[in-house]
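Since the structure comes first, as structure tokens, the remarks are kept for the end.
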Amino acid sequence: MVNAGLEGVVAATTRLSHVDGDRGELIIGGFQVDDLAAQATFEETTWLLWHGELPSARQLEAFRSELGASRGLPAATVSLLRDCADARVEPMDALRIAAGTISLTSDDACAIVARFPTIVAAFWRLRGGAAPLVPRDDLGHAANFLYMLSGEVPDTERVRALETYLNTVIDHGLNASTFTARVITSTGSDLVSSIVGAIGALKGPLHGGAPGPALDMVFEIGEASRAEEILRKKIEAGDKLMGFGHRVYRVRDPRADVLAAAAERMFTRTGDMSLYTLARSVEATAIRLLEEYKPGRTLQTNVEFYTALLLHGLGLDVPLFTPTFAMSRVSGWIAHAREQKLANRIIRPQSEYSGPRDRRWVPLSERVDSAA
């Protein structure tokens, strides 16, 4: 029997994360996502996935120092990013291209994680006509990224919001990009190659590219009073409501609640709740209409809906949404690559042949144009 998309096929055991789509549960390193994401720093969550336990104060300080010292990019990488900016390539393409240059100086896990934010921020500034900023080793991972984008040290609320997001999406079972990283690792290839392959998978709009359209839909609606009319037209036209429904979750995506709470806190502190209030109204209307038009489908809010709201509130432009996702997920990819190596067997599934049989060779001189 062929399982299209490997649906229902168990291809690995993992201690890293557990996704229960029926219960709406996500466990990361033994912690419920809502307990971990809102409290841990990104460095703590990365350490948890790489080592199986939360770090001690001494271990955390050493890890932060190692990441901070590894953020700088080789001159060749900066030159390549400048060429990418001049060519107006998309940010995920620039990240994929530049990530391969990390192996010029290192194949080390810390260097990969540390340099992802530097690559993304440097490219974005170059594309906007500004010079890249030198990363600061006195700032945490999330704070330094926000600093490298704007040149301003972010306040604690903005840092906490980004930390929560990075923790929430750091790992999520055997998704397409994680599976890609494990497949490449299983061949005995190097870590940078596994990560570059995973970036290619994440770039696909069916995997990492939905947050932008979810935000576009909210802006298109503009006012809560217009939500029902616009959403009804979209559903009746057969359009997908971005930010709703998930391949795995049959109930509400637990990450949506974590990010909704983080967004509410951040927007409350800024004193302008208008966008947050509009998003909640759009969400409620969308869920009601989806149940009306597609009863029993349980098309609930997924992580992309509040990802868009939170990252927009942080001042990030839509093209940066998926690269920021990659900045988090890279720690999960590395954890899976390490786990794959511990008990490795090359990943080599079978395929069922459906092509022709019993063909006979025809010399070139006797062949006719099949289009004739």
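The values are calculated or read from the model by the stated rules, or taken from the named source; none is laboratory data. This structure is a prediction, so every number in the text was calculated from the model and none was measured. Using ideal geometry, Cβ is built from the backbone for each residue, glycine included, and neighbour counts are taken over all protein chains shown.
Find the residue count for the range 209-248, including only residues that are aliphatic (A, V, I, L, M), touching a helix residue (DSSP H, G or I) at 6+ places or on another chain (Cβ under 9 Å) and part of a loop (DSSP other than H, G, I, E, B).
Step one: filter the range 209-248 for residues aliphatic (A, V, I, L, M), giving 210, 214-215, 217-218, 221, 224, 227, 230-231, 235, 237, 241-242, 248.
With touching a helix residue (DSSP H, G or I) at 6+ places or on another chain (Cβ under 9 Å) added as a condition, the list becomes 210, 214-215, 217-218, 221, 224, 227, 230-231, 235, 241-242.
Then keep just the ones that are part of a loop (DSSP other than H, G, I, E, B); that gives 210, 241-242.
Selection size over the range 209-248: 3.
Go through the residues of the range 141-163 one by one and say whether even a single one is without any contact (Cβ under 8 Å) to a residue 60 or more places away in the chain, in a loop (DSSP other than H, G, I, E, B) and of a type in the set (Val, Ile, Thr). I'd like the intermediate steps shown before the answer.
In the first step, residues of the range 141-163 are kept if they are without any contact (Cβ under 8 Å) to a residue 60 or more places away in the chain; the result is 143, 147-148, 151-156, 159.
Then keep just the ones that are in a loop (DSSP other than H, G, I, E, B); that gives 151-155.
This time we only want the ones that are of a type in the set (Val, Ile, Thr), so: 153.
Looking through the range 141-163, at least one residue is without any contact (Cβ under 8 Å) to a residue 60 or more places away in the chain, in a loop (DSSP other than H, G, I, E, B) and of a type in the set (Val, Ile, Thr).
Read through the list (1) farther than 26 Å from Ala262 by Cβ; (2) modelled with pLDDT under 95, then give the number of the only condition that Asp22 fails.
Result: Asp22 passes all but (1).
If I filter the range 105-114 for residues that are farther than 19 Å from Leu191 by Cβ and either surrounded by 15 or more Cβ atoms within 10 Å (Cβ to Cβ) or touching a residue at least 60 places away in the same chain (Cβ under 8 Å) (or both), do I get at least one hit? Walk me through it before giving the result.
Pass one, the range 105-114, residues farther than 19 Å from Leu191 by Cβ: none.
No, the conditions are met nowhere in the range 105-114.
Cβ-Cβ under 6 Å, sequence separation 6+ or interchain: first residue in the range 321-337 and closer than 12 Å to Ser194 by Cα, partner in a helix (DSSP H, G or I) and aromatic (Phe, Trp, Tyr). Which pairs?
That search, which allows pairs on different chains as well, returns Val330/Phe116; Ala335/Trp50.
Which residues, taken from the range 312-335, are part of a loop (DSSP other than H, G, I, E, B) and crowded, with 18+ Cβ neighbours inside 10 Å?
Narrowing the range 312-335 to residues part of a loop (DSSP other than H, G, I, E, B): 314-317.
Within the range 312-335, Leu314, Leu316 meet the criteria.
Can you name the residue in the range 299-309 that is of a type outside the set (S, T, N, Q) and buried (at least 24 other Cβ atoms within 10 Å of the Cβ) and, of all such residues, is farthest from the chain's Cα centre (by Cα)?
Leu309
Against the definition (closer than 19 Å to Arg338 by Cα, of a type outside the set (A, V, I, L, M, F, W, C), free of Cβ contacts under 8 Å to residues at least 40 places away in the same chain and surrounded by fewer than 19 Cβ atoms within 10 Å (Cβ to Cβ)), how does Ser189 come out, yes or no? Spell out how you get there, then give the answer.
Numbers: closer than 19 Å to Arg338 by Cα: yes; of a type outside the set (A, V, I, L, M, F, W, C): yes; free of Cβ contacts under 8 Å to residues at least 40 places away in the same chain: yes; surrounded by fewer than 19 Cβ atoms within 10 Å (Cβ to Cβ): yes.
The answer is yes for Ser189.
Output the residue which, of all residues in the range 15-25 that are farther than 17 Å from Trp333 by Cα and touching a residue at least 12 places away in the same chain (Cβ under 8 Å), is surrounded by the most Cβ atoms within 10 Å (Cβ to Cβ).
Narrowing the range 15-25 to residues farther than 17 Å from Trp333 by Cα: 20-25.
Narrowing the set further to residues that are touching a residue at least 12 places away in the same chain (Cβ under 8 Å) leaves 21-25.
Working: Gly21: 15, Asp22: 10, Arg23: 11, Gly24: 20, Glu25: 14.
Restricting to residues being farther than 17 Å from Trp333 by Cα and touching a residue at least 12 places away in the same chain (Cβ under 8 Å), the top hit is Gly24.
What about Arg338, is it in the same structural domain as Thr45 (by TED's automatic domain parsing), buried (at least 16 other Cβ atoms within 10 Å of the Cβ) and either within 30 Å of Gly100 (Cα to Cα) or of a type outside the set (Val, Ile, Thr) (or both)?
Working: in the same structural domain as Thr45 (by TED's automatic domain parsing): yes; buried (at least 16 other Cβ atoms within 10 Å of the Cβ): yes; either within 30 Å of Gly100 (Cα to Cα) or of a type outside the set (Val, Ile, Thr) (or both): yes.
So Arg338 fits the description; yes.
Against the definition (farther than 27 Å from Val192 by Cα and part of a helix (DSSP H, G or I)), how does Thr277 come out, yes or no?
On the way: farther than 27 Å from Val192 by Cα: yes; part of a helix (DSSP H, G or I): yes.
In short, yes.
Out of Glu223, Glu228, I need the residue that is without any contact (Cβ under 8 Å) to a residue 60 or more places away in the chain, of a type in the set (D, E, K, R) and not assigned by TED's automatic domain parsing to the domain that holds Leu174. Which one?
Of the residues listed, the single one that is without any contact (Cβ under 8 Å) to a residue 60 or more places away in the chain, of a type in the set (D, E, K, R) and not assigned by TED's automatic domain parsing to the domain that holds Leu174 is Glu223.
Considering only residues that are without any contact (Cβ under 8 Å) to a residue 60 or more places away in the chain and either exposed (fewer than 15 other Cβ atoms within 10 Å of the Cβ) or under 20 Å from the mean Cα position of the chain (by Cα) (or both), which ones fall in the range 231-250? Step through it out loud before you land on a result.
Filtering the range 231-250 for residues without any contact (Cβ under 8 Å) to a residue 60 or more places away in the chain gives 231-241, 245, 247.
Correct list: Arg232, Lys233, Glu236, Ala237, Gly238, Asp239, Lys240, Leu241, Gly245, Arg247.
Could you tell me whether any residue of the range 99-109 is closer than 23 Å to Ala337 by Cα, in a loop (DSSP other than H, G, I, E, B) and of a type in the set (Val, Ile, Thr)? Write out each step before concluding.
Quick first cut of the range 99-109, residues closer than 23 Å to Ala337 by Cα only: 99-109.
Still in the list and also in a loop (DSSP other than H, G, I, E, B): 105-108.
Restricting the remaining residues to those that are of a type in the set (Val, Ile, Thr) gives 105.
Yes: the range 99-109 contains one or more residues that are closer than 23 Å to Ala337 by Cα, in a loop (DSSP other than H, G, I, E, B) and of a type in the set (Val, Ile, Thr).
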